């Protein structure tokens, strides 16, 4: 084949089906983001309890059945973190010479830098909803173990060990713990910057969680 004569590996070239799947996934991601954006806007304007799935679907210009294809419940439209795929991809590409926590902070910083002010605001609003809506709070707490398990898998892959390793599980739990603590501070002071608090929490963990010193209160 001509491609072989030129030294090009055909398997490395994008195939038509791959391109179609890529477009389809991007379209789905765009629709999911639009639904969540309109939902948060409505929650902000009229409250979580007063907002219906039908209203969210209409605002996002989709049918209720389309809404449920993306989000099984109204709770899920808040619980879904649209930044997770970006963070995971960034974490996996961090230089191997970085330890897991440094890699995590670098990935967090990369994602933070590409967010628009509106996207940052949406993330802040999601955090506030977790604490102000009882059913969301309980659902969010149930998700914490999933977050720890995901981190354990990412860290295990990076270190070449099992995600069930005691040290990996413990370390992942510590990361989730300080992130949760940062979000709790948001509930106490809604004017705080969520992203700055989370990064500060990671820095405190990296320093060994000192109770005294230069980090302040």
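Of all the numbered requirements in (1) under 16 Å from the mean Cα position of the chain (by Cα); (2) within 21 Å of residue 48 (Cβ to Cβ); (3) at pLDDT 90 or above, residue 141 misses one, and that requirement is (3). Being touching a helix residue (DSSP H, G or I) at 6+ places or on another chain (Cβ under 9 Å) and either modelled with pLDDT of 95 or more or not in a helix (DSSP H, G or I) (or both) is the filter here; which residues of region 1-33 pass it? Result: 1, 8, 9, 13, 14. Residue count for region 181-196 under the criterion of being surrounded by 16 or more Cβ atoms within 10 Å (Cβ to Cβ) and within 19 Å of residue 148 (Cβ to Cβ): the result is 2.
Taking each residue of region 22-34 that is farther than 16 Å from residue 81 by Cβ and looking for partners that are exposed (fewer than 10 other Cβ atoms within 10 Å of the Cβ) with beta-carbon atoms closer than 9 Å, six or more apart or interchain, yields 22/14.
Taking region 197-208 as the search range and keeping residues that are over 10 Å from residue 127 (Cβ atoms) and free of Cβ contacts under 8 Å to residues at least 24 places away in the same chain, which one is surrounded by the most Cβ atoms within 10 Å (Cβ to Cβ)? Per the stated criteria, the residue is 201. Applying the criterion of being more than 17 Å from the chain's Cα centre (by Cα) and crowded, with 17+ Cβ neighbours inside 10 Å to the residues of region 60-79, the residue that is farthest from residue 129 (Cα to Cα) is 62. Annotation: of all residues in region 80-98 being surrounded by fewer than 17 Cβ atoms within 10 Å (Cβ to Cβ) and in a helix (DSSP H, G or I), the one that is farthest from the chain's Cα centre (by Cα) is 92.
The values are calculated or read from the model by the stated rules, or taken from the named source; none is laboratory data. Keep in mind it's a predicted model, so treat the numbers as computed, not measured. We place every Cβ from the backbone using ideal geometry, glycine too, and count neighbours over all the protein chains shown.
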